[in-house]
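The structure appears below as structure tokens.
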Amino acid sequence: MLAIEVGRICVKLNGREAGRKCVIVDLMDKSFVVVTGPKGVTGVRRRRANMNHIEPLQDKIDIKRGASDEEVEEALKTSGKLEEIAQMVKPASTSV
């Protein structure tokens, strides 16, 4: 499994934002992280997310812990991942 770390791009697996990509901006504890889309790019609002409800991807951007949405968007532009993150993906089925 890929590391859960600040700057890691993930896909939300559950909830109304399922299938949308987001970026981890902070680690809260062993079960929760703070993610953002940013909302203007992917539609994912900055919020707490259970680590079981996100799937980390290979991509990572260089941001500091607690970076603002503007800083995240700028880092995505700089790394050339802005268009890529805006596309929705079909989440893998998590049903048993």
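The values are calculated or read from the model by the stated rules, or taken from the named source; none is laboratory data. Because the structure is predicted, anything quoted here is derived from the model rather than measured. Here the Cβ positions follow ideal geometry from the backbone for every residue, glycine too, while neighbour counts run over all protein chains shown. Remember, those area values only see protein heavy atoms, side chains included, never the ligands or the DNA or RNA. Shrake-Rupley method; radii C 1.70, N 1.55, O 1.52, S 1.80 Å.
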K77 being in a loop (DSSP other than H, G, I, E, B) and either in contact with a Leu (Cβ under 8 Å, 6 or more places away or on another chain) or open to solvent by 80 Å² or more (accessible area, probe 1.4 Å) (or both) = no
query = Of the conditions (1) small (G, A, S); (2) touching a Gly at 6+ places or on another chain (Cβ under 8 Å); (3) under 12 Å from V11 (Cβ atoms), A49 fails just one. Which one is it?
reply = (2)
ask   = Which one of these does P56 not meet: (1) farther than 15 Å from K12 by Cβ; (2) assigned to a strand (DSSP E or B)?
value = (1)
Condition check for G19: at pLDDT below 90 and either on the phi > 0 side of the Ramachandran plot or assigned to a strand (DSSP E or B) (or both) = no
query = Is there a residue in the stretch 82-95 that is at pLDDT 95 or above, of a type outside the set (D, E), more than 10 Å from the chain's Cα centre (by Cα) and at negative phi?
reply = no
inquiry  = Only one of I85, I63 is assigned to a loop (DSSP other than H, G, I, E, B) and under 12 Å from I9 (Cα atoms). Can you tell me which?
reply    = I63
query = In the stretch 23-48, which residue that is in a strand (DSSP E or B) and farther than 12 Å from I4 by Cα is nearest to the chain's Cα centre (by Cα)?
reply = T36
task = Spot the failing condition for K39; the list is (1) basic (K, R); (2) at pLDDT 95 or above; (3) open to solvent by 40 Å² or more (accessible area, probe 1.4 Å); (4) under 18 Å from K77 (Cα atoms), and only one is missed.
result = (2)
Any pair with Cβ under 6 angstrom, 6 or more apart, that starts in the stretch 63-85 at a residue that is under 11 Å from V41 (Cβ atoms) and ends at one that is modelled with pLDDT of 95 or more and hydroxyl-bearing (S, T, Y) = D69/T36; V72/T36
note = Checked against (1) closer than 19 Å to L82 by Cα; (2) touching a residue at least 60 places away in the same chain (Cβ under 8 Å), L13 satisfies every condition except (1)
